[in-house]
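Worksheet: the structure to be examined is printed underneath.
The values are calculated or read from the model by the stated rules, or taken from the named source; none is laboratory data. Note that this is a predicted model, so its numbers are computed, not measured. Neighbour counts are summed over all protein chains in view; Cβ atoms, including those assigned to glycine, are modelled from backbone coordinates with ideal geometry.
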Amino acid sequence: MLVACVAFFILNFGTSLWLTLFAVYLDYAGLTAIWIGAVLTGINASISLTYLPSGRLSDLVGRRVPLIAGSALIAVNTFLLYFTKNPLLIMLFTILYGVGQGLATPAVNALVAEASHPSKSGMAYASYYISILSATVLGSSLSGLLASSLGFQSLFPIASILLAVAAAIIYLFIKEVDGRRRESYRLAFKESLKRSISGTASLLRTDRELRLLAVALSFHAFGFYMLNPYIALYATYAIRLDIVQTGVIIALWNIGLISAQIPFGRMTDTLGGEPMLFMHFALSTLSWVAYALSRTFTVAAITTILFGIIGAMDMPARRTIMLEHATAEAGKATIIGAVDSITTGVGIAAPLIGAIAWAQMGYPAPFMIGAFVNAFSCLPMLALLKRRHPRISS
């Protein structure tokens, strides 16, 4: 758990240095809004498609191999972005970056679950997310300053060095649990690809609660992915902030996320994941609309802090719910990978639709439409809440 937190602190710090303002960089590089949406759609698609087999692969061969391969892909392709402004090459390198994220995420989330007691999973995930969100705050705070002083492209080699360090820490210090590897790598890779779609379909067909969760998260993901790339651009164009102020806005978002992780992690362990996730969906809709109405730095800062506080309800709650559905056949990483694949897959085209709304309907449009779509995520959560009673703390 400690090694995972340290390694992913460094990995998220390096990634956030360039990814925080990546949409702004693509705009400066001359890419149109449609191209920016297409690049970000490519990232979402590659992550989603990789999630599907990588969770099962992790349950078959262990956590270590997907973590090493994923972090190495992230480091290499971040470095390659330094050498090009060609839209097609940018698309290729960011897709491979997404594959790396798709390999590493189910494995590290399963690792966190295995390091905690099931009744304390909310606190375990809260602690893990504090480490990676702290890195994101640091990276997003420095991204604008470094970009304005050194040039944005310099962020890619700086970040790649940090990412290589994270990959080295994972390689050297994360050890595999005895008996974890159930298959040879070749057979495990083949089986994870073969059963990625059929296995996920079987899970959803037999587990109604998991199906409702996937539907709720899909509405939420579509709304969030639609507006997420335009948070920085909205600050730049609608509120007319400079690049340093825009970096601060993103940092404040992550400060809100960090500050509320522990209290909401405890609430998740006490109340259960379902009520926390329902509150997250409902309040997110309101906060996204509020940001679209921001016209000054102060108002934007307040709304992005609220973004973060409300966002802190999400991951401990959704991961806790997912873990309740793990079985001997469908392990923790398999469940996480399957549900994450569905939710990110639904959101693949969302940035592109957000780009069209941004270009044709005005700067607030992605936020307003995204909030409207997100409101529908509350309906399947109500069905889940009716079937479950909040857990009583011992």
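So the values come out like this:
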{"quantity": "Filter result for Ile74 (of a type in the set (A, V, I, L, M) and either surrounded by fewer than 23 Cβ atoms within 10 Å (Cβ to Cβ) or over 22 Å from Gly247 (Cβ atoms) (or both))", "calculated": "no"}
{"quantity": "First in the stretch 167-191 and surrounded by 15 or more Cβ atoms within 10 Å (Cβ to Cβ) and at pLDDT 70 or above, second anywhere and assigned to a helix (DSSP H, G or I) and of a type in the set (Ser, Thr, Tyr), Cβ under 7 Å, 6 or more apart", "calculated": "Ala167/Ser71; Ile170/Ser71"}
{"quantity": "Tally of residues being surrounded by 24 or more Cβ atoms within 10 Å (Cβ to Cβ) and either among the β-branched types (Val, Ile, Thr) or not in a helix (DSSP H, G or I) (or both) across the stretch 322-341", "calculated": "4"}
{"quantity": "Flag if Glu274 is within 27 Å of Ser119 (Cα to Cα), touching a residue at least 40 places away in the same chain (Cβ under 8 Å), surrounded by 21 or more Cβ atoms within 10 Å (Cβ to Cβ) and acidic (Asp, Glu)", "calculated": "yes"}
{"quantity": "Filter pass, Trp35 being aromatic (Phe, Trp, Tyr) and farther than 18 Å from Ala167 by Cβ", "calculated": "yes"}
{"quantity": "Residue identified as at pLDDT 90 or above, over 28 Å from Leu81 (Cα atoms) and either polar (S, T, N, Q) or out of contact with any helix residue (DSSP H, G or I) (no Cβ under 7 Å at 6 or more places or on another chain) (or both) among Ser154, Ser160, Ser218, Ser196", "calculated": "Ser218"}
{"quantity": "Odd one out for Ala282 among (1) touching a Pro at 6+ places or on another chain (Cβ under 8 Å); (2) at pLDDT 90 or above; (3) not charged (D, E, K, R)", "calculated": "(1)"}
{"quantity": "Thr344 being crowded, with 20+ Cβ neighbours inside 10 Å, part of a helix (DSSP H, G or I), at pLDDT below 90 and polar (S, T, N, Q)", "calculated": "yes"}
{"quantity": "Qualifying residues in the stretch 105-122 (those that are closer than 16 Å to Ile170 by Cβ and small (Gly, Ala, Ser)) - the one surrounded by the fewest Cβ atoms within 10 Å (Cβ to Cβ)", "calculated": "Ala115"}
{"quantity": "Matching residues, the stretch 313-348, being of a type in the set (A, V, I, L, M, F, W, C), without any contact (Cβ under 8 Å) to a residue 60 or more places away in the chain and more than 19 Å from Leu57 (Cβ to Cβ)", "calculated": "Met313"}
{"quantity": "Candidates Trp288, Trp358, filtered to the one that is over 18 Å from the mean Cα position of the chain (by Cα), assigned to a helix (DSSP H, G or I) and surrounded by 22 or more Cβ atoms within 10 Å (Cβ to Cβ)", "calculated": "Trp358"}
{"quantity": "Enumerated helices (runs of 4 or more DSSP H) restricted to the stretch 7-119, each holding at least 2 residues that are small (Gly, Ala, Ser)", "calculated": "33-61, 64-80, 87-114"}
{"quantity": "In the stretch 198-241, the residues that are part of a loop (DSSP other than H, G, I, E, B) and without any contact (Cβ under 8 Å) to a residue 24 or more places away in the chain", "calculated": "Arg240"}
{"quantity": "The listed residue being part of a helix (DSSP H, G or I), in contact with a Pro (Cβ under 9 Å, 6 or more places away or on another chain) and not acidic (Asp, Glu), out of Thr304, Thr268", "calculated": "Thr268"}
{"quantity": "Tally of residues being over 16 Å from the mean Cα position of the chain (by Cα) and closer than 23 Å to Ser131 by Cβ across the stretch 81-111", "calculated": "1"}
{"quantity": "Output for the stretch 223-249, where each listed residue is surrounded by fewer than 24 Cβ atoms within 10 Å (Cβ to Cβ) and either under 21 Å from Met361 (Cβ atoms) or under 17 Å from the mean Cα position of the chain (by Cα) (or both)", "calculated": "Phe224, Asn228, Ile231, Leu233, Tyr234, Thr236, Tyr237, Ala238, Ile239, Arg240"}
{"quantity": "Residue count for the stretch 311-327, restricted to those that are modelled with pLDDT of 90 or more and acidic (Asp, Glu)", "calculated": "1"}
